[in-house]
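The values are calculated or read from the model by the stated rules, or taken from the named source; none is laboratory data. Bear in mind the structure is a predicted one, so any value in this text is a computation, not a measurement. Using ideal geometry, Cβ is built from the backbone for each residue, glycine included, and neighbour counts are taken over all protein chains shown. With ligands, DNA and RNA removed, areas are computed over all heavy atoms of the protein, side chains included. Shrake-Rupley method; radii C 1.70, N 1.55, O 1.52, S 1.80 Å.
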Amino acid sequence: MRRWFVSYTLGMIVGAVLFLCSLVAIHWLGPQLWVGVALGGSLLVGCNIGLEVLKRHYQVTTPQAIFRLLNWS
């Protein structure tokens, strides 16, 4: 469970960075980077949905429960 939580969170971060970098780079490098925008957005949305499903299934919806899951408290 902890591994999936961290994986989905990292996937969301990578998707957001890819989305934003591709969106900015389109101006200089051309419209071929729309594929990067689509991939980054898909990764961001897909990991967000997966993370929400995981949190609801294991009833880890409060910040305190997430910190306990990650052993931060």
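Taking the listed residues 37, 53, 60, the one that is of a type in the set (A, V, I, L, M), more than 12 Å from residue 9 (Cβ to Cβ) and open to solvent by 40 Å² or more (accessible area, probe 1.4 Å) is 53, with no other qualifying.
Yes/no matrix, rows are residues, columns are (1) at pLDDT below 90; (2) in the same structural domain as residue 61 (by the TED database); (3) closer than 30 Å to residue 71 by Cβ:
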position: 7; (1), (2), (3): no, no, yes
position: 11; (1), (2), (3): no, no, yes
position: 14; (1), (2), (3): no, no, yes
position: 19; (1), (2), (3): no, no, no
position: 39; (1), (2), (3): no, yes, no
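Looking across 10, 20, 29, 69, one residue alone is of a type in the set (A, V, I, L, M, F, W, C), out of contact with any Leu (no Cβ under 8 Å at 6 or more places or on another chain) and in contact (Cβ under 8 Å) with a residue 40 or more places away in the chain. It is 69.
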